[in-house]
1. Restricting to segment 201-216, give me the number of residues that are among the small types (Gly, Ala, Ser) and open to solvent by 50 Å² or more (accessible area, probe 1.4 Å).
2. Looking at segment 1-10 only, could you name the residues that are touching a Ser or Thr at 6+ places or on another chain (Cβ under 8 Å) and open to solvent by less than 70 Å² (accessible area, probe 1.4 Å)?
3. Within segment 137-240, considering only strands (runs of 3 or more DSSP E) that don't extend past its boundaries, which have at least 2 residues that are farther than 29 Å from ARG54 by Cβ?
4. Out of (1) closer than 25 Å to ALA216 by Cβ; (2) under 17 Å from the mean Cα position of the chain (by Cα); (3) not charged (D, E, K, R), what's the single condition that is false for ILE130?
5. Need the failing condition index for ALA164 against (1) within 18 Å of VAL111 (Cα to Cα); (2) surrounded by 18 or more Cβ atoms within 10 Å (Cβ to Cβ), just the number.
6. Return the residues of segment 103-121 that are of a type outside the set (Gly, Ala, Ser) and surrounded by 24 or more Cβ atoms within 10 Å (Cβ to Cβ); say none if nothing qualifies.
7. Out of the residues in segment 186-198 that are open to solvent by 40 Å² or more (accessible area, probe 1.4 Å) and modelled with pLDDT of 95 or more, which is nearest to GLY226 (Cα to Cα)?
Amino acid sequence: MAKYQLQLVRKQTVAEGTLAFYFKKPDDFSFKAGQCAQFTLIDPPQTDDEGNSRYFSYASTPDEPELMIATRIRNSAFKQVLSQLEPGSELVMKGPYGDFVLPEQLKRPVVFITGGIGVTPVRSMLLQAIKHQQSSNQQPITVFYANRRPQDAAFLDELTQACARCAHSTLVATMSQPDSAWSGEQGYVDQAMLARHLPDLNAPVYYLDGPPELVAAMKAMLSKAGVDEEQVRSEEFAGY
């Protein structure tokens, strides 16, 4: 797998405790929306038993001029060093990896169920699909995006606006601990919530990603609802 030395262009807060990092894209590099890569710090000033490398999904689309990843900032040495990098800093990327990607032609409706920072590959796949779907092949895309509070939800405004501009795409954001100003769905994604927004639970292909416990719960829920396991794709975000 190819290795690249990336240069940080800028970083941005995209949710409470969550940073996005934008890197200069190598001239000869390409990837598919939904894929990930290994990112390694170069001679970091501190380290710990978890090491100097992490895997991140690309949150940017293949068509965007920069490579972008986003992550919650935790207390690990890796995350602390990463959060303090300044523009011009470099790290090593190895990839891309993974087959958690959409088919080139959408032949069935697509439903994403994601939570927290699991939204990163969903941003990439959703925006890419919206841009490239042809008028003769527009299948519905629905995103169920679960968080505790709106301020925890990375890219919430951007995805809301993108879906509002596309008649075939719908964002269903739900909060488990919303404040009084929240007017959207509340609670966890369950079969009843899916049924409120999907005309036929057995028609779509489901893409599940996020913490392992979320993915496991969603798989169990879909199985109980009678969804064939061949219609379910999943990617777990462990230890992020």
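The values are calculated or read from the model by the stated rules, or taken from the named source; none is laboratory data. Values in this document were obtained by computation on a predicted structure and should not be read as measured data. Here Cβ is always computed from backbone atoms with ideal geometry, including for glycine, and neighbour counts include all displayed protein chains. Heavy atoms of the whole protein, side chains included, go into the accessibility calculation; ligands, DNA and RNA do not. Shrake-Rupley method; radii C 1.70, N 1.55, O 1.52, S 1.80 Å.
1. Summing the residues that are among the small types (Gly, Ala, Ser) and open to solvent by 50 Å² or more (accessible area, probe 1.4 Å) in segment 201-216 gives 1.
2. LEU8
3. Ranges flagged: 169-175.
4. Only one criterion is unmet by ILE130, namely (1).
5. (2)
6. Once the filter is applied, which keeps residues that are of a type outside the set (Gly, Ala, Ser) and surrounded by 24 or more Cβ atoms within 10 Å (Cβ to Cβ), segment 103-121 yields VAL111, PHE112, ILE113, THR114, ILE117, VAL119, THR120, PRO121.
7. By that ranking, first place goes to GLN191.
For every residue, the table says whether it meets (1) modelled with pLDDT under 95; (2) acidic (Asp, Glu); (3) open to solvent by less than 30 Å² (accessible area, probe 1.4 Å); (4) closer than 24 Å to VAL122 by Cβ.
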| position | (1), (2), (3), (4) |
| --- | --- |
| LYS32 | no, no, no, yes |
| GLN35 | no, no, yes, yes |
| GLN38 | no, no, no, yes |
| LEU41 | no, no, yes, no |
| TYR58 | no, no, yes, yes |
